[in-house]
1. Using Stokes-Einstein with the Kirkwood hydrodynamic radius over Cα pairs, what translational diffusion coefficient do you get for the range A:133-186 at 20 °C and a viscosity of 1.002 mPa s, in µm²/s rounded to a whole number?
2. Distance in nm between label sites at B:ASP130 and A:ALA242, each 7 Å beyond Cα in the beta-carbon direction?
3. Mind checking the mean number of beta-carbon atoms from other chains within 10 Å of the Cβ atoms in A:383-392?
4. How large is ³J(HN,Hα) for each residue in the range B:100-106, as worked out from phi by the Karplus curve 6.51 cos²θ - 1.76 cosθ + 1.60 (θ = phi - 60°), to whole Hz, x for Gly and Pro?
5. Can you tell me, using C-alpha contacts under 8 Å and at least 6 residues apart, the relative contact order of chain A as a whole percent?
6. For the protein assembly as shown, state the average projected area of the convex hull of the C-alpha atoms over all orientations, rounded to one decimal in nm².
7. For the range A:308-400, give the percent of accessible area contributed by carbon and sulfur heavy atoms, probe 1.4 Å, rounded to a whole number.
8. Which far-off residues, 5 or more places away or on another chain, put their amide H under 5 Å from the one on B:ILE94, with H placed in the peptide plane?
Amino acid sequence: MTETSAPNIKQVMRDYFLDLDAAARDPGRRVAWCTSVGPAEVLRAMGFEVYFPENHGAMLGATRVAGDTIPVANARGYSPEICSYLTSDVGACIKGITPLTKAYGIESVPKPDVLVYCTNQCKDVMHWFNWYAREWKVPVIGIHPPNHLPEVEREHIDDVVIQYRKMIEQLEAITGEPLDEQALKAAVAESRTATDLWSDALNMARAKPAPMSFFDSTIYMGPIVVLRGDRRATDYYRGLVAELKAKVAAGEGAVAGERLRVYWEGMPIWGRLRHLSELFASQHAAVVASTYCNSWIFSDFDGDRPLESMAEAYLKIFINRDDGYKESYIERVVGDFDIDGVVYHAARTCPNNTNSHYNLPQRLKNKGIPGIVVDGDLNDLRCFSDEQSTTLVEAFLETL
Amino acid sequence: MTRHTVQVRPTPEPGTEPVFWGVDCGSAEIKIAAIDSTGRILELRKGRTLFPLVEHVHRALSGSAEALSPLAEEQRAVTPDEGTELAARAGHVIYATGYGRNHIKGVHGSLTEIKAHFLGVQHQLELDRDYTIIDIGGQDSKVIRSTPERVDQFAINRKCAAGTGAYIEELAHRLEVPMDRLPGLARKHDSDLTLNSYCTVFSGQEVIKLLMHGERVENLIQALYRSVVKRVLEMTAIDTDTLVFSGGVLEHHEILVPLFAERFDQIETIMAPNAQFCGALGAAVHAMKETQDHGLSHHH
C-alpha cells in the first residue's frame, strides 16, 4: 500500500475499541450494542458508544477462536445449524474470552446499557441479543421491519419510522434526556459522507487491474460497520480513496497478472481468507466485487430527513430484498465490473446470506453469467473443505 | 452401451522422441499415462497412493516395480527424484492432476481433475456432440457437462462421501464382502430395496438394521449401487443425450452403468476406454497441447 498520511486501518480500529472499553468502564458514559445494519446513527446521536457483536463474530472467525467457542454454545442448546456468529460469540462469552484481549489488551467485550437489534438481515440476531438480555439483565429493543421486499414502498418506511420513534422513547427513558434532533441530522449526514466514500473506494476496483480485492475490502470495511455517524470513518475513507486512486494511476493491481475478474457472492469465510486470497491470486484471478462489502453502501441517507432516510436505507439492503431484485442487482454489478464469473458461497449457518439455494446461479448462468457454488461457512470451519473448494475454484476458473 | 478399445504402443527409447506424461494423483491410486506427440498412448500404469507422496509418484513415473501394477514396463529401481529428472532430461513433459496435483515437485504444471477427465475422454472418443461425463472416484463424484471443445459446467459431490468409492468401500466392509465380489452378488438380487440416508455412516447403520431384519445381502448390495446412482444424479440436472462414464469406480463396478441408464428415457451410454486412466491421459494430453502451443518455457 502506498504511504500516505491517511489514517491507518489498524489504528482506526484500535482507537475505536480502546475508546469503547474506556466508555464501558466509565459510569458517566453509555454503551449500546447494535446489529451491523441497525439504527446506529440514532444511538450515536443519543450519546451512546456503539458496539457491534457481528464485528466481534467476524473477529472470532478470522482469528479462528470460533472453533473452540461454537461447540460451547452448541452444548448449551444453540444448534450447530444456526448463525455461527451467534454461537461463536455466545460460546466466547460463556468461556470468558475475546480476541480483543490479544489484539488490544482489552479484558472483555464492553458491557451494554441497552441492546438494539434490527431483523432486516435475519431473525438470528434477535435470539442472539435476547441471550445477552437474559444473561446480563439488560433492556433489549427490537426493530422488526418488513422483509424480502421486491420494492421498498412508503408504507414499509412508515412502519419502520413508527418503530424507530418507539425505540427513541425507550432510549430516552434510559438516558433521561430527549433525542437531540440536530445531533441525529448530523450523524446521518456524517454516515452518508462515509458511505459515499466507501462506495467510491469499492468502485475503484472497476479499474483493470483492480487496485483492491474482496479480501482487502473485508478488512477496509471495518469503519463503515462500526463507526457510521462518526467523523473517524469519514476521515479513514477519504484517505483510502486517495490511496486507491494513486494505485489505479500507477496501474498497480491487487493480484499480479490479473487475467480473470470474479464476483464473490455471500459471506466471507473468515478463517480461510488468506487461503482463498492466495488460491485466487495463484490463478491470476482478482475478486473485484462482492455482495457483502457492497452491503454497506447506504446511498439513501439524508441528513434533512434522518429517520425516514435511515428506514429507507436499512430496508433497501440486498439481504432484505426478494430474489428478483437480487438477480438484477448481481447482473448489473457483473456488467459494471466486467466480471467473468461468480463464486457463490453457500454458508451453512447463514441461509439468509446464501443466495445459491433457490436456483439463482442457474438463472444467471442462463443469462451468460457462469458461477460455482462453494460450500462453507462464515465461522464454522467444520463446514468447509479446503481440498474440495480448491478443486472447485480452480476447475471453475479453468472453464472461464 | 458402447465399448471402445485403444491400442497401446511401446514407449520409445529415452531421447529419441518427445513423450508427454500425465500423473493423476488420486486419494486411492496414482495413475500414470504417457502419450507421444501424435497422441498415441504409450503407457498406462497405476499404483496405490502411499506416503511420502512425492516418492511414490516418482517411483510410479519411473516404472519402479515396488509401487506399480504389472502394467509397468520398465522395472529398474530408481531414486525418488530420478523419475521426473529422467523424463525431463530426455525432453519429456509431465503434468499432474488429482487431489495431490499441487504437492508433486518437478512437474511442468498441473490442472484439475475436471479438465483432465474431459480431455482424457474427448481425446479418446472424439465426440462431436455435447455430452455429460460421470466420473466416480475414491472420494468424490463429478458430473461434467462438456461440449466437444470444452467443459461447460460441472458439479462435485458436496455433502459426505455418499456416491463415491469410499461409500462402496465402507458398505462392503460393513457387509464383510470383498469389493470384487459385489457386482456378482448384486446380480442375484430379487427385490428393489432403497437406502435412504445421505450419510455414509448412517447408510451403514441402515444396512446393519436391514441385516438384523433378515434382508438378503444380495439385495443390500443392489440397494447400495442404486444409492450411488441416486446420489450422483442428485448433484445436477443432466440435459445431454449422451452419458460417458469414467473413473476407477465405474471401471470396476460396470454394473452401475445400466442403473444410470434406466433413470433416463433415452440416453446413449459410453464407457470411456481406460476409464480409470482418463484423468492421467487428460493430463498427458494437456502436457502435449501446452508444449505444442507455448513450448516449454515454464518449468515449475
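The values are calculated or read from the model by the stated rules, or taken from the named source; none is laboratory data. Computed from a predicted model, the values in this text were never measured in an experiment. No Cβ is skipped: glycine too gets one built from the backbone with ideal geometry, and neighbour counts run over all protein chains shown. Surface accessibility is based on the protein's heavy atoms, side chains included, excluding ligands, DNA and RNA. Shrake-Rupley method; radii C 1.70, N 1.55, O 1.52, S 1.80 Å.
1. Working: Rh = 13.3 Å.
Diffusion coefficient, whole number: 161 µm²/s.
2. 5.4 nm
3. On the way: counts 0, 0, 2, 0, 6, 6, 1, 4, 11, 6.
Mean inter-chain Cβ contacts per residue within 10 Å come to 4.
4. x, 4, 8, 10, 10, 6, x
5. On the way: 726 pairs, mean separation 76.0, N = 400.
Computed over chain A, the figure is 19 percent.
6. Numbers: hull surface 137.4 nm².
Averaged projected hull area, Cα only: 34.4 nm².
7. Working: 1420 of 3130 Å².
Reported share for carbon and sulfur atoms: 45 percent.
8. Counting only residues 5 or more places away or on other chains, the set is B:TRP21, B:HIS108.
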